[in-house]
Amino acid sequence: MYDKIFTPKAITLPNGKVVLQKRSRMPLIILVLAVCTALSVRFTGFSFHTLVTRMDEFFTIIGQMIPPNWAYLPRIWGPLLDTIKMSLLGSMIGALLALPAAVAASSNIIQSKLVVVVSKTLLSLLRTLPTLVTALVATYVFGLGPMAGTVAIMLFTISYVGKLLYEQIENVDIGAFEAMESVGMTRIQAFRFAIFPQILPGYISTSLYCFEGNVRYAAILGFVGAGGIGLVINEGLGWRDYPAVGMIILVLIVTVYLIERVSEHFRKKLI
């Protein structure tokens, strides 16, 4: 369609042969992006004037958090440990369950197309559902507290690790797997000895990286009653106790940084 509207440019080569050069799609892409941007600005009511004039309020709140209230520190340890435990347990269970889910979604391992399609669809649905929404639903099922947060993190980990893992499985060398099957091994045994060693470093690395993110996600799950340090943050913001919120954020930043450094160290050993 594009080539019919904007006909290709004829170029004559030194030998006299005429070739056709297709017109660049870049002008059309820029036009579509410009229209989408204009429509988005209109529908969302975005205003650069408001952004510029109200930006100083953000720094006003940050200023009220400094210096943090050090006397509030003893109240943080309990919710912080709940957040870490939620993240760790949810990540571990989710990573373990992601392995069979990824195998079921691998088209080169599973012969049934129906099983592969259903598995990939379920992983996609879990991945599109925000963790905060999952935690909110979990609070109605399991009640308020860390249990709901753990379930939400577990479901996200299954979808995230499962997606990356089945892509790794579909890209491995399948020759050894087929050879082991041909000598009488079951598909599970062939997977254990031929495929699993190839994906193990990437599987552990992805699980560790997911755990890093889950610590940050778990920090806000308390806003929907899923336990953890988010409950304390919500309480501090509700009472406008910004020095206490500043102390919570400081502790959270240090905790996440330390976890990321340890996780990155082990991921570098695996890659």
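Considering the values (i) 58; (ii) 40; (iii) 53, which represents percent of Cα pairs over 28 Å apart as calculated for the structure under consideration?
Correct label is (i).
Just for the Cα atoms in region 125-271, what are the lengths along the principal axes, largest first, rounded to whole Å?
Principal-axis extents of the Cα atoms in region 125-271, largest first: 69, 35, 20 Å.
Per residue of region 190-200, what does 6.51 cos²θ - 1.76 cosθ + 1.60 with θ = phi - 60° give for ³J(HN,Hα)? Whole Hz please, x for Gly and Pro, Karplus curve as stated.
5, 5, 4, 9, 10, 9, 4, x, 6, 9, 4
Kindly provide the helix-only [θ] at 222 nm of the chain, computed as the sum of -39,500 (n - 2.57) over DSSP H runs of four or more divided by all residues, to the nearest 500 deg cm²/dmol? Each step should come with its number before you reach the end.
On the way: 12 runs with 196 residues, N = 271.
Computed ellipticity for the chain at 222 nm equals -24000 deg cm²/dmol.
Consider all pairwise Cα distances in region 66-169 and report the whole-number % of them above 19 Å. Can you show the working numbers first?
Numbers: 2805 of 5356 pairs.
So the pairs more than 19 Å apart make up 52 percent of the total in region 66-169.
Can you tell me what the convex hull of the Cα atoms of region 181-222 projects to on average, as an area in nm²?
Working: hull surface 15.5 nm².
If I average the Cα hull's projected area over directions, I get 3.9 nm².
Using a probe of 1.4 angstrom, how much of the accessible area of region 112-271 is carbon and sulfur, in percent? Intermediate results must be reported in sequence, preceding the final value.
Details: 5780 of 8370 Å².
Of the solvent-accessible surface of region 112-271, carbon and sulfur hold 69 percent.
By how many nm would the segment from residue 115 to residue 71 lengthen if fully extended, with 0.36 nm per residue of separation less the alpha-carbon distance?
Numbers: separation 44, 0.36 × 44 = 15.84 nm, distance 5.57 nm.
This chain segment gains 10.3 nm when fully extended.
Let me check something: with ligands and nucleic acids excluded, how do 141, 251 order by accessible area (1.4 Å probe), largest to smallest? Display every interim value, and only then the final one.
Details: 141 100, 251 15 Å².
Largest accessible area first, the list is 141, 251.
Suppose a student asked you for the relative contact order of the chain, using Cα pairs under 8 Å spaced at least 6 residues apart; what percent would you report? Present the calculation step by step, with values, prior to reporting the outcome.
Details: 316 pairs, mean separation 64.4, N = 271.
So the answer I get is 24 percent.
What relative contact order, as a whole-number percentage, does region 155-271 give when Cα pairs under 8 Å and 6 or more residues apart are counted?
On the way: 82 pairs, mean separation 29.0, N = 117.
Computed value for region 155-271: 25 percent relative contact order.
For the chain, what is the accessible area per residue in Å² when the probe is 1.4 Å?
Working: 16640 Å² over 271 residues.
Per residue, the chain has an accessible area of 61 Å².
Counting pairs on different chains as well as pairs 8 or more places apart, how many Lys pairs in the chain have Cα atoms under 19 Å apart? Each step should come with its number before you reach the end.
Numbers: 4/22; 9/17; 9/22; 113/163; 120/163.
The number of close lysine pairs in the chain is 5.
Say R0 is 22 Å: what FRET efficiency, to the nearest 0.05, do residue 133 and residue 97 get from their beta-carbon distance? Numbers along the way, then the final one.
On the way: r = 20 Å, r/R0 = 0.90.
In this case the efficiency is close to 0.65.
Calculate the length of the line joining the C-alpha centroid of region 202-271 to that of region 121-172, in whole Å.
Cα centroid of region 202-271 versus Cα centroid of region 121-172: 17 Å apart.
Kindly provide the Kirkwood hydrodynamic radius of region 201-271 in Å, to one decimal, from all pairs of distinct alpha carbon atoms. Show your work: numbers first, answer last.
On the way: mean 1/r = 0.0754 Å⁻¹.
It is 13.3 Å.
The values are calculated or read from the model by the stated rules, or taken from the named source; none is laboratory data. These figures come from a predicted structure and were not determined experimentally. With ideal geometry, Cβ positions are generated from the backbone for all residues, glycine too; neighbour counts draw on all protein chains shown. SASA here: full protein model, heavy atoms, side chains in, ligands and nucleic acids out. Shrake-Rupley method; radii C 1.70, N 1.55, O 1.52, S 1.80 Å.
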